[in-house]
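Everything below concerns the one structure shown next.
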Amino acid sequence: MKKLIQGIMDFRRSRREAVRELFATLALGQKPDCFFIACSDSRVAVNVFASTDPGDLFVIRNLGNIMPPFPDGGSAVAALEFALDTLKVRHVVVCGHSDCGAISALAKDPKGLGKTPLGNWLRHAQAAAAAGVGDQDALSKRNVALQMENLRSHPRVREREASGTLKIHGLWFNIRHAEVYYLESAPTNFVLIDDTEGASILARLGD
């Protein structure tokens with residue numbers, strides 16, 4: 001907490017003037033084009049590894065970067081509805097990561113999830129462990145693909161994706177190496193986003 005408060009003080013002294021105009025503009029409304037579903041893990045800092053600014057992404061974070069399938073509700077689904085219907089985002093990203101504590105818990109006992117809040121939540125990722133994957137990071141990657149499937153179970157997502165007004169993407173962040181990977185084909189074909197792969201993705205995205 002001391003670091004948090006000190007950071008706020010440092011921001012006010014050294015950076016506030018530089019970004020005050022940006023925030024004044026954002027106070028009038030937000031127009032992000034991407035809904036970003038990330039893990040709550042404190043090490044997954046998309047603003048750092050994707051060089052994003054305030055207003056670029058509409059972000060929800062939860063244990064295991066999970067999107068419950070239709071017709072489940074809750075805060076993640078509410079955020080999805082808001083992103084699609086109010087913000088009119090054109091892209092949805094599911095971002096998993098290495099060394100994930102939630103996925104570690106799932107990997108240890110995928111069939112024995114208890115009736116705890118954590119176990120109840122992780123049931124939305126349980127199918128990713130159905131293939132018997134023992135490696136935690138491999139399971140984390142499969143979970144990204146599963147959550148993309150969960151997204152597509154929602155009628156609003158299916159309709160917009162079918163009409164070409166929404167695209168769904170999977171990312172995976174390797175914490176140890178500070179590298180980001182893109183899911184080229186589900187469930188496990190992740191490719192490092194270097195200059196070549198990045199240019200290929202950008203070309204496919206078009207305008």
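A few remarks follow.
- Cross-chain or 6+ apart pairs with Cβ under 7 Å, the range 193-206 first and closer than 21 Å to GLU161 by Cα, then surrounded by 14 or more Cβ atoms within 10 Å (Cβ to Cβ) and of a type outside the set (Val, Ile, Thr): ILE201/TYR182
- For LYS115, the criteria (1) more than 22 Å from PHE36 (Cα to Cα); (2) touching a residue at least 60 places away in the same chain (Cβ under 8 Å) hold in every case but one, which is (2).
- Filter result (assigned to a strand (DSSP E or B), without any contact (Cβ under 8 Å) to a residue 60 or more places away in the chain and of a type in the set (Gly, Ala, Ser)) within the range 166-188: SER185
- On the stretch given as the range 11-40, residues that are of a type in the set (Asp, Glu) and either within 30 Å of LEU63 (Cβ to Cβ) or in contact (Cβ under 8 Å) with a residue 24 or more places away in the chain (or both) total 1.
- Condition check for ALA199: over 16 Å from the mean Cα position of the chain (by Cα), surrounded by 15 or more Cβ atoms within 10 Å (Cβ to Cβ) and assigned to a helix (DSSP H, G or I): no
- Hey, PHE35 surrounded by 16 or more Cβ atoms within 10 Å (Cβ to Cβ), closer than 23 Å to SER98 by Cβ, under 10 Å from the mean Cα position of the chain (by Cα) and of a type in the set (Phe, Trp, Tyr) or not: yes
Each value in this text was obtained by applying a stated rule to the coordinates, not by laboratory testing. Everything quoted here is computed from the prediction, not taken from an experiment. Cβ sites come from the backbone with ideal geometry, for glycine too, and all protein chains shown count toward neighbours.
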